[in-house]
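**Q** Structure provided below as structure tokens; questions to follow.
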Amino acid sequence: MLTIKSISDVLSEKSNGFIDITMQYAVLIPIIEIDDKLHILFQIRAHHLKKQPGEICFPGGKIELGETPTETAIRETVEELGISEKRINILGELNTLITPFNTIIYPFCGVIKGVDCEEIKYNKEEVYSIFTVPLDELIKQQPLKYHMEMSLITPSDFPYHLIENGENYSFNKGIYPVYFYSYKNFIIWGITARILNSFIEDIIKPSNTENNINNL
């Protein structure tokens, strides 16, 4: 029989979770210094991958059992770029992204130290190629922004008779922003661009001066 105490005991031992989230990921925005300028390193996913082949992304992947998001971001960066963990200095955690696709993404920003970009031996099973973009170039851009409307599609057997107003029920609709950054022949868009945009907005807030950015 349930009691107030038994419920309290269960809840006191329960760790916080997320309703209906099926997957959790962590990614790293890698900053690398080239000719005394800060660049962000991007990856192009291998073309044989089942998900998002050929798309531009940050290093990252699924959080494994027992891992923290920070550990995942570092591990995936090491595996995908083939660099030593000692070369990665995490600067901080960025805003968490909860997608409409039942996933959570934990982004981090970190510096890759003492590595020549031209000598990075990335994992060709996962990465087709890499490139960098000067951080100043991205900050100066006003990215293209489009809004996609997301609405619920009910199945043919949905029990409208169980809800108020039946088939005339007004379900909420969501707006999903899609950003586009461009650099040379590269188009950075989707979730990668959304995380990038959030990061840029954070570092150019009035409280952050140009010196703060240069000291990354």
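**Q** To the nearest 500 deg cm²/dmol, what mean residue ellipticity at 222 nm is calculated for the chain from DSSP H runs of n ≥ 4 alone, each contributing -39,500 (n - 2.57), summed and divided by the residues?
**A** -6500 deg cm²/dmol
**Q** Give me THR154, THR96, THR77 sorted ascending by neighbouring Cβ count inside 10 Å, so fewest comes first.
**A** Ordered by Cβ neighbours within 10 Å, fewest first: THR154, THR96, THR77.
**Q** Between ASN168 and THR68, what is the label-point separation in nm under the 7 Å Cα-to-beta-carbon projection?
**A** Going by the 7 Å Cα→Cβ label model, 5.5 nm.
**Q** Pairs on different chains or at least eight residues apart, Cα atoms closer than 26 Å: how many lysine pairs in segment 62-214 fit?
**A** Final tally of qualifying lysine pairs is 19.
**Q** Given the Cα-Cα distance of LYS184 and LEU152 and 0.36 nm per residue of separation, how much length would full extension add, in nm?
**A** Using 0.36 nm per residue and subtracting the Cα-Cα distance, I get 7.7 nm.
**Q** Amide H neighbours of GLY82 under 5 Å, counting only residues 5+ apart in sequence or on other chains, H built in-plane at 1.01 Å?
**A** ASN123
**Q** If you build a Gaussian network model of the chain, linking Cα atoms that sit under 10 Å apart, which residue out of ASN185, ASN197, ASN102 swings the most?
**A** Looking only at ASN185, ASN197, ASN102, the biggest GNM fluctuation is shown by ASN185.
**Q** Another one. In a GNM of the chain with a 10 Å cut-off on Cα contacts, which of SER182, SER15, SER198 has the highest mean-square fluctuation?
**A** SER15
**Q** Considering the values [x] 0.96; [y] 0.93; [z] 1.06, which represents Rg/Rh (Cα atoms, Kirkwood Rh) as calculated for the structure under consideration?
**A** [z]
**Q** I've got another one for you. How far is helix 4-13 tilted off the main Cα axis of the chain, in degrees rounded to 10, range 0 to 90?
**A** Computed tilt is about 20 degrees.
**Q** Still on this model: Which angle from 0 to 90°, rounded to the nearest 10, does the C-alpha axis of helix 190-203 make with the longest principal axis of the chain?
**A** Taking Cα atoms only, the helix is inclined about 70 degrees.
**Q** Determine the dipole magnitude for segment 21-214: charges of +1 sit on the beta-carbon of Lys and Arg, -1 on that of Asp and Glu, nothing else is charged, the reference point is the Cα centre, and the result goes in debye to the nearest 20.
**A** That gives segment 21-214 a dipole magnitude of about 240 debye.
Read-outs: derived from the displayed coordinates by stated rules, not from any lab. Worth saying up front: this structure is predicted, and the values here are computed from it rather than measured. Positions of Cβ are backbone-derived with ideal geometry, glycine not excepted, and every protein chain shown enters the neighbour counts.
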